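Read the structure below first, then the notes.
Laboratory data are not the source of any read-out in this text; all were calculated from the coordinates shown. These numbers come from a predicted model, not from an experiment. Please note: Cβ atoms are built from the backbone with ideal geometry, for glycine as well, and neighbour counts cover all protein chains shown.
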Amino acid sequence: MPTPVEILKHEHRIIERVLGALSGVSQRLESGEHVPPEALSSFLDFIRTFADRCHHGKEETHLFPALEQRGIPREGGPIGVMLHEHELGRGLVAELARTADAYRQGEPSAGPRFAEIARQYIELLAQHIQKEDNILFQMAEQVLDEETKARLERAFQQAEEELGAGTHEHFERVAASLEQAWAT
Ligand SMILES: [Fe+2]
Ligand SMILES: [Fe+2]
């Protein structure tokens, strides 16, 4: 059975595959190539449901509070930084969604604009994941006792069930197909 940190790290690897694909899409939009609007919707769907609701949800609702209980501070500490970056990400995703709508309606500047915001999002999330993998999750492995890890595992399982049976697997397949279609 993977530990809670291993589960979250595995999700990071899936998110990174989609960030690679998003970079490929951005490159095409920057060079004026047409990208089907449905492709942009697939990215947004993955980011909103898998990266934000499922993954950031597990961190915010379960992991971070458990770390706070073990004495890792929220304010002025790594948890506060991570929460702030999740919020910055949500702001960028809302902007991406608005720009994808404009792109669908044929607005000429929307393609390059989408690419510009996507690049900011990729940069934000890539360094966010690095910080979690290398700093916060290392701390988690040290401070969480076995009982808390078991509780988190159950909570993660429940979060998956609330999302709907097969949703996680669905998005793993989406990540693979986006990578295959768009990564350069
Ligand atoms: Fe995070
Ligand atoms: Fe994360």
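Some points to look at:
- If the condition is being basic (K, R) and farther than 17 Å from H56 by Cβ, then region 84-132 contributes R98, R104, R113, R119.
- Flag if E107 is assigned to a loop (DSSP other than H, G, I, E, B) and touching a Lys or Arg at 6+ places or on another chain (Cβ under 9 Å): yes
- Within region 49-104, tally of residues that are away from ligand 2 (no atom under 16 Å from the Cβ) and in a helix (DSSP H, G or I): 14
- Region 119-136, subset away from ligand 1 (no atom under 11 Å from the Cβ) and more than 13 Å from the chain's Cα centre (by Cα), residue farthest from L67 (Cα to Cα): R119
Conditions tested, residue by residue: (1) surrounded by 20 or more Cβ atoms within 10 Å (Cβ to Cβ); (2) touching a Cys at 6+ places or on another chain (Cβ under 7 Å); (3) among the acidic types (D, E).
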position: G106; (1), (2), (3): no, no, no
position: E116; (1), (2), (3): no, no, yes
position: R119; (1), (2), (3): no, no, no
position: E153; (1), (2), (3): no, no, yes
position: Q157; (1), (2), (3): no, no, no
position: E160; (1), (2), (3): no, no, yes
position: A175; (1), (2), (3): yes, no, no
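- Q142, sole failed condition from (1) surrounded by fewer than 15 Cβ atoms within 10 Å (Cβ to Cβ); (2) under 21 Å from the mean Cα position of the chain (by Cα); (3) assigned to a helix (DSSP H, G or I); (4) away from ligand 2 (no atom under 16 Å from the Cβ): (2)
Listed here are the residues, each with its yes/no results for (1) surrounded by 16 or more Cβ atoms within 10 Å (Cβ to Cβ); (2) among the small types (G, A, S).
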position	(1), (2)
H62	yes, no
P65	no, no
Q69	no, no
I72	yes, no
G76	no, yes
G80	no, yes
G91	no, yes
A94	no, yes
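- Odd one out for L136 among (1) farther than 15 Å from L63 by Cα; (2) surrounded by 20 or more Cβ atoms within 10 Å (Cβ to Cβ): (1)
- Condition broken by E33, with the remaining ones in (1) assigned to a helix (DSSP H, G or I); (2) loosely packed, with under 15 Cβ neighbours inside 10 Å satisfied: (1)
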